[in-house]
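The values are calculated or read from the model by the stated rules, or taken from the named source; none is laboratory data. A quick note: this is a predicted structure, and the numbers were derived from the prediction, not measured. Don't worry about glycine lacking a Cβ; one is built from the backbone with ideal geometry, like all the others, and counts go over all protein chains shown.
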Amino acid sequence: MDAIHDLGGRQGFGAIDVDEPEEAFHEPWEGRMFGMVRAMTRPADWSLDWFRHCRELIDPTAYLTRPYYDQWLLAYAAMMVNSGVVTVEELASGKAKAPLSGLAPPMTAADVARARKGNPSFAREIDEAPLFAVGDSVRVKSHGVPGHTRLPAYARGRRGIVESHHGAHVFPDANAHGEERAAPIYTVGFDMAELWPEAQGRRERVFLNMWEGYLERG
């Protein structure tokens with residue numbers, strides 16, 4: 001969906017502070033929030049893309065002013081209410097009215113440490129052959145979608161060249177709404193001036209990984 005989270009290529013937000021010190025958390029509560037999320041037992045209808053979709057629904061002013069992990073708190077609270085894990089009243093009080101049924105207990109610290117050693121793979125095998133080949137000229141589709149998408153607005157309608165094919169991976173636009181299906185993903189190269197007219201004469205290129213559904217022959 002087209003929302004405030006898609007800031008790539010937008011102007012008017014000031015310079016990016018590239019000298020900000022690298023630190024995992026700015027405040028102790030952020031680390032606690034991270035640990036709580038890692039330890040949570042997730043309902044069956046949750047996925048990474050569903051979380052991203054819920055986070056993208058945050059009011060634009062709140063999205064730009066809330067700290068990153070505060071956005072996590074808001075998104076996970078909404079997800080829990082939506083899935084029937086808690087009620088708004090329970091969140092407000094900080095206490096559950098009754099034990100949960102159908103969910104395993106939260107992970108222990110040791111479980112979390114083991115889980116972090118490996119990330120899940122979203123690569124999948126599909127029967128369909130890829131529509132595009134390396135060297136093909138493609139155009140990014142110009143329309144947005146009402147739900148989740150990983151298609152950046154600044155690339156829509158722009159032409160590029162397929163640089164490589166990476167097999168099939170879970171398509172986030174569908175997965176965010178409970179439909180796990182895979183689609184080919186490609187690296188597409190764009191001339192800088194194709195994306196931003198003020199870059200005429202520049203030799204740099206931008207490379208984006210894009211699912212097949214985002215592309216058409218161009």
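What's the total number of residues in segment 1-53 that are outside any loop (DSSP other than H, G, I, E, B) and not charged (D, E, K, R)?
Adding up the residues that qualify gives 13.
From (1) on the phi > 0 side of the Ramachandran plot; (2) loosely packed, with under 12 Cβ neighbours inside 10 Å, pick out the condition that doesn't hold for ILE16.
(1)
Here is a yes/no grid of residues against (1) surrounded by fewer than 14 Cβ atoms within 10 Å (Cβ to Cβ); (2) at pLDDT 85 or above; (3) more than 27 Å from VAL170 (Cα to Cα):
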{"position": "TRP72", "(1), (2), (3)": "no, yes, no"}
{"position": "TYR76", "(1), (2), (3)": "no, yes, no"}
{"position": "MET79", "(1), (2), (3)": "no, yes, no"}
{"position": "VAL85", "(1), (2), (3)": "no, yes, no"}
{"position": "GLU90", "(1), (2), (3)": "no, yes, yes"}
{"position": "SER93", "(1), (2), (3)": "yes, yes, yes"}
{"position": "ASP111", "(1), (2), (3)": "yes, no, no"}
{"position": "GLY118", "(1), (2), (3)": "yes, no, no"}
{"position": "ALA123", "(1), (2), (3)": "yes, yes, no"}
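Within the set of pairs 6+ apart or on separate chains, which have a first residue in segment 80-106 that is closer than 20 Å to CYS54 by Cβ, a second that is acidic (Asp, Glu) and at pLDDT below 95, and C-beta atoms under 8 Å apart?
That search, which allows pairs on different chains as well, returns SER83/ASP45.
Going by what's in this entry, would GLU212 be described as of a type in the set (D, E, K, R), out of contact with any Gly (no Cβ under 6 Å at 6 or more places or on another chain) and surrounded by fewer than 16 Cβ atoms within 10 Å (Cβ to Cβ)?
For GLU212, the condition - of a type in the set (D, E, K, R), out of contact with any Gly (no Cβ under 6 Å at 6 or more places or on another chain) and surrounded by fewer than 16 Cβ atoms within 10 Å (Cβ to Cβ) - is not met.
Working only within segment 1-23, note down all residues that are over 17 Å from the mean Cα position of the chain (by Cα) and either charged (D, E, K, R) or assigned by TED's automatic domain parsing to the domain that holds ALA78 (or both).
ARG10, ASP17, ASP19, GLU20, GLU22, GLU23
Scan segment 148-164 and report the pairs whose first residue is under 25 Å from GLY178 (Cα atoms) and polar (S, T, N, Q) and whose second residue is crowded, with 16+ Cβ neighbours inside 10 Å and modelled with pLDDT of 95 or more, with Cβ atoms within less than 9 Å and a gap of 6+ or a chain change.
Filtered contacts from segment 148-164: THR149/PRO172; THR149/ASP173; THR149/ALA176; THR149/TYR214.
Here are some conditions: (1) over 30 Å from ALA182 (Cβ atoms); (2) surrounded by 12 or more Cβ atoms within 10 Å (Cβ to Cβ); (3) not basic (Lys, Arg). CYS54 meets all but one. Which one does it not meet?
Exception for CYS54: condition (1).
Looking for whichever is at pLDDT 95 or above, in a loop (DSSP other than H, G, I, E, B) and under 22 Å from the mean Cα position of the chain (by Cα) here; the options are GLY157, GLY144. Which one fits?
On inspection, the qualifying residue turns out to be GLY157.
For segment 179-196, check the following and say yes or no: at least one residue is outside the structural domain of ALA44 (by TED's automatic domain parsing), of a type in the set (A, V, I, L, M, F, W, C), without any contact (Cβ under 8 Å) to a residue 24 or more places away in the chain and not in a loop (DSSP other than H, G, I, E, B).
Taking every residue of segment 179-196 in turn, at least one turns out to be outside the structural domain of ALA44 (by TED's automatic domain parsing), of a type in the set (A, V, I, L, M, F, W, C), without any contact (Cβ under 8 Å) to a residue 24 or more places away in the chain and not in a loop (DSSP other than H, G, I, E, B).
Please tell me if ALA129 is under 28 Å from ALA3 (Cβ atoms), among the small types (Gly, Ala, Ser) and either more than 22 Å from the chain's Cα centre (by Cα) or not assigned by TED's automatic domain parsing to the domain that holds PHE34 (or both).
no
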